[in-house]
Each structure stands twice: as C-alpha cells, then as structure tokens.
Amino acid sequence: MRYFKAISIGASLLLSAVAMNAQDGSEEVLRENVVHERNEMGQNVYRDARISDRPDTTVCFLYVGYKASGAPWLRLQVRHAAFKSLGIQEIIFTKGKVSLAMKPSAELLHTGNNGVMQWEWYDAPPDENEMKAIDAIIDEPGVTLTLKGAKHTITRELTDLERAAMENMLLQAVELGQAYEGKR
C-alpha cells in the first residue's frame, strides 16, 4: 500500500511516498521520484525513476538495496551503450584538474546486447574515494566521465538529471539506514 505524505527536512518540504515494508509491516519513506522494486533474487531495490532502467542507455547513477535480512547497501553503476562495444578498462571522473580514475576488475563489469546495441556496465559499492567523487558530482556541475576502452575512449559531462538523481538516492539510502559520512 502506498500513499503520499509531506515531511519536513530542514527548511524544505518534500513530498514522499510511504510504502509498507513487506518483511515487518513497518513504514518506509520513499523520497520523491524513488521507486521500490523486488529483483529476481528477492532483494529490495530502490532507484530514481528519472533514470532509465533500460540496459541500452548510457547513464551514471546510484541505487540502494537490501536483502531480506540485512543492512541497506549503496551501489554506483556506470553504463555505456553503443553500436560497438567499448570494452571498458578504466573509468575516470574529472572536475578541473582533479580526477578519480578507477580500473574495475572483470567481475564488476557486465555486458549485454540486443542484436543491434551493445551495452556494458560497472556496478559496485562505492569506496571512500568514490564517495568523495559522488559528493563532488552532486555539488558541482561540469564533472566529466571518461570511459577508456580497448579500442577507443568516450568523454561526456554528467547531466543535471544524473546529479539530482544521485543526491536523491544518497538521501534515500540515509532514510533507509545506510551510514553516510559525507556532506548531506
């Protein structure tokens, strides 16, 4: 059962959905634009509905989840889609002269295709340095994402929507009990 109620956080008023937790009957607050789904492994997953969940999209986002008997976890996903596979070898976030480079291990990289489009993605819990990058992404426009592949490299600026969705999911993670030492 879902209904809407207004909650006050600081000086701002947010409209949030409230859903009943199927495990214990308690209420869980869903921030605006957050949807709650149960995946095929029985895990609860929360994502910002403004970010496409189609695999054949290029996007960078956070999502939150938890198993039936566990603490919530936060994950960073960087997804790339194109007619030719990139073969991601390195992910770099850059703002001015500051950058964070990640060389993801093979088990954190995934691929798929639909016969026309190829997509690949990195999916892992962000470490301390990645959380600092996420804070910077949220706080300031102009952060670029570079994906270095086996044959070529692409660079693009993260969108305002990606930044807003990241902040929304970070705050949703805190709402669900995820420990967070950052600025929010």
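Can you tell me the length gained on complete extension of the stretch S69 to A82, counting 0.36 nm per residue apart and subtracting the Cα distance?
Separation in residues times 0.36 nm, less the Cα-Cα distance, equals 0.9 nm.
Summing Lys, Arg as +1 and Asp, Glu as -1, what charge do residues with Cβ under 10 Å from the Cβ of Q43 carry, Q43 excluded?
Cβ neighbours under 10 Å give a net charge of 0.
Give the value in nm², to one decimal: projected area of the alpha carbon convex hull of segment 53-175, averaged over all directions.
About 8.2 nm², averaged over all directions.
Based only on other Cβ atoms within 10 Å, what is the fewest-to-most ordering of H152, H110, H80, H36?
H152, H110, H36, H80
For a 18 Å ceiling on Cα separation, which of these pairs sit above it: K103/K151; K67/K132; K95/K132?
In this structure, K67/K132 lie more than 18 Å apart at Cα.
Here, each number is a calculation from the coordinates, and none is a lab measurement. In this text, all values refer to a predicted model and were calculated from it rather than measured experimentally. Here Cβ is always computed from backbone atoms with ideal geometry, including for glycine, and neighbour counts include all displayed protein chains.
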